[in-house]
Amino acid sequence: MAAPNIETIVSLSKRRGFVFPSSEIYGGLGSAWDYGPLGVELCNNVKQAWWRWMVHERDDMEGIDSSLILNRLVWKYSGHEETFSDPLVDCRECKTRLRADKLEADAAGKLKCPNCGSTNLTEPRAFNLMFRTTIGAAAVEDDPNALAYLRPETAQGIFINFLNVQTAMRRKIPFGIAQIGKSFRNEVTPGNFIFRTREFEQMEMEYFVRPGEDERVHQEWIDYCHQWFLDLGISAANLRFYEQPKEELAHYAKRTVDIHYRFFPEREDEERQWDELMGIANRTDFDLKAHSKKPEDAEGKRLNPDATDDLSYFDEATKERYYPYVIEPAAGVNRTVLAALMDAYNERTTDKGEKRVILSLHPRLAPIKVAVLPLAKNKPEIVSMAKSIKKELQPSMRAVYDDTGGIGKLYARQDEIGTPFCVTVDHQSLEDEAVTVRDRDTWNQERVKASELADYLKKRLGIKC
Ligand code: ATP
């Protein structure tokens, strides 16, 4: 099974320390969330899994970490200043502010307010999603020279560094540049927990190819990305591909395929159960050309009079110069975390008829890999053996020690936060130097020698150094 709805995950997250509403003691801040002790581990594990898969395990990839605030001209020439907007409408009846492209129409084709049902809406107007700020101590409000934006995507930081990375690392096309980092969008209608927030984290990669190779490579990345989610344990039945129709495509895109997750399983209409987890776009040569000094219009006028360099590529083998095409897989860290939590959610009834929640997270994503539990906390030898086992394990995996309840309660707590293994130290352990290892998913128990425990767990967790 998976979680029946996002609400189930919201309450589990708060109860067990994954995600808390931000600024709660001041009444909260619309759709902002803070990641707690387990949430930060889960986010880090998602990012590490992505980085390992995308950068370390490939031969054609480099990573970067660019500035969050870039020169304003980046956003001028990328097209964001002019076009990075959503169509905003207001409901004249209940005064709700809405995104026109997300509304349903009535039988007559008129857009309907989801709040009060009225069709008395204002005409859509473009609302730019970029957060504005000012740079410098002397900046006065509205000084156009001081205006800057918080980045709404990490991609542009990659494009403006294309030549730096390519020359510094002596890369030949095809190759990619990956980046993980925060992005900011002043969303008109944030909501659904961490699904849509104004501050979020992206994992993006720009793969540079020779024009003409783009369509094949695009399809390859669509398949790799789908496989990545499957490898993280997300069930195939809750993933689907969504081919963006022409009218939905961004101005730079030739083709975009989204990977959707079933974030809203409770909705009756099957089509409305799905939403975007990741987008894989063929951005053509739009971005590299837009940031280059050479391209000209029909009258021979430079399209970008501000750029100081040209981001074209010279192919030594064919002696050709061209602007590479770009394939972009772009995923959200937060949406991946939400999908992983929803997909891992299971309920099981014990022999005594008690309901237990089990989070069957992939071991790589689990915030805690092993919990070491003493069977009798009033027996100093048992406590001391359990603590030293925990210490021995912690350099190679996230391990915790817990003696704050009876063993049944401790197992239940670890199941609920997705810890793959519990290790119990009991009276017999003092004699045979062995411990009991309990599996989260099967509840099976196995006796393992304490001296072989680290290797045993590493193998079962699939941990690589
Ligand atoms: P949407 O249509 O849902 O607004 P998008 O198509 O604008 O998303 P992209 O620009 O393709 O999103 O961004 C890539 C990824 O970044 C998305 O697939 C999503 O996982 C994540 N993302 C985008 N906007 C948000 C947001 N406001 N909150 C959380 N994650 C987001």
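None of the figures in this text is laboratory data; all of them are computed from the coordinates on show. As the structure is a prediction and not an experimental result, all values here were calculated from the model. Neighbour counts run over all protein chains shown; Cβ positions are idealised from the backbone, glycine included.
Once the chain from E57 to R97 is taken as fully extended at 0.36 nm per residue, the excess over their C-alpha distance is 9.9 nm. Here is the list for segment 43-147: trypsin sites (Lys or Arg not before Pro) lying in DSSP coil, each with at most 15 other C-beta atoms within 10 angstrom of its C-beta, are R58, R92, K95, K110. Rounded, prolate or oblate: which one fits segment 85-128, using the alpha carbon gyration tensor with axes a ≥ b ≥ c (rounded when a/c is under 1.5, else prolate when a/b beats b/c, else oblate)? Oblate, because a/c is 1.5 or more while a/b does not exceed b/c. Amide H contacts of Y313 (H built 1.01 Å from N, in plane; Pro and chain starts excluded): Y322, Y323 sit under 5 Å, all sequence-distant by 5 or more or on other chains. Along segment 210-224 the Karplus relation, 6.51 cos²θ - 1.76 cosθ + 1.60 evaluated at θ = phi - 60°, assigns HN-Hα couplings of 6, x, x, 8, 4, 5, 5, 5, 4, 4, 4, 5, 4, 5, 4 Hz to successive residues, with x for each Gly and Pro. Expressed per residue, the C-alpha convex hull volume of the chain stands at 209 Å³. Normalised by 2.2 N^0.38 Å, with N the number of residues, the alpha-carbon radius of gyration of segment 342-465 equals 1.02. Sparse packing (at most 10 other Cβ atoms within 10 Å of the Cβ) combined with a DSSP loop state is found for the following trypsin sites (Lys or Arg not before Pro) in segment 312-373: K319, K352.
Once the Cα-Cα distance is subtracted from the 0.36 nm per residue extended length, the A317 to N115 segment shows a gain of 66.6 nm.
Can you bin segment 218-274 into rounded, prolate or oblate? Criterion: square roots of the alpha carbon gyration tensor eigenvalues sorted a ≥ b ≥ c, rounded for a/c under 1.5, prolate for a/b above b/c, oblate for the rest. Oblate shape, in that a/c is at least 1.5 and b/c is the bigger or equal ratio.
Look at where the Cα atoms of segment 249-287 and of segment 24-86 average out, and the two centres are 18 Å apart. One decimal place: the segment Q219-E271 gains 16.3 nm when fully extended, by the rule 0.36 nm per residue minus the C-alpha distance. Need the C-alpha centroid separation for segment 196-229 versus segment 166-186, integer Å. Taking the Cα centre of segment 166-186 as reference, the centre of segment 196-229 is 12 Å away. As an exercise, identify the GluC sites (Glu not before Pro) in segment 320-372 lying in DSSP coil whose Cβ has no more than 13 other Cβ atoms within 10 Å. Taking segment 320-372 and a limit of 13 other Cβ atoms within 10 Å, the loop GluC sites (Glu not before Pro) found are E354. By the helix-only formula, in which each DSSP H run with n ≥ 4 contributes -39500 (n - 2.57) and the sum is divided by residues, the chain has a 222 nm mean residue ellipticity of -7500 deg cm²/dmol. Among the listed pairs K409/K458; K102/K369; K112/K355; K369/K449, a Cα-Cα separation exceeding 30 Å is found for K102/K369; K112/K355. Normalised radius of gyration (Cα atoms, divided by 2.2 N^0.38 Å) for segment 115-249: 1.40.
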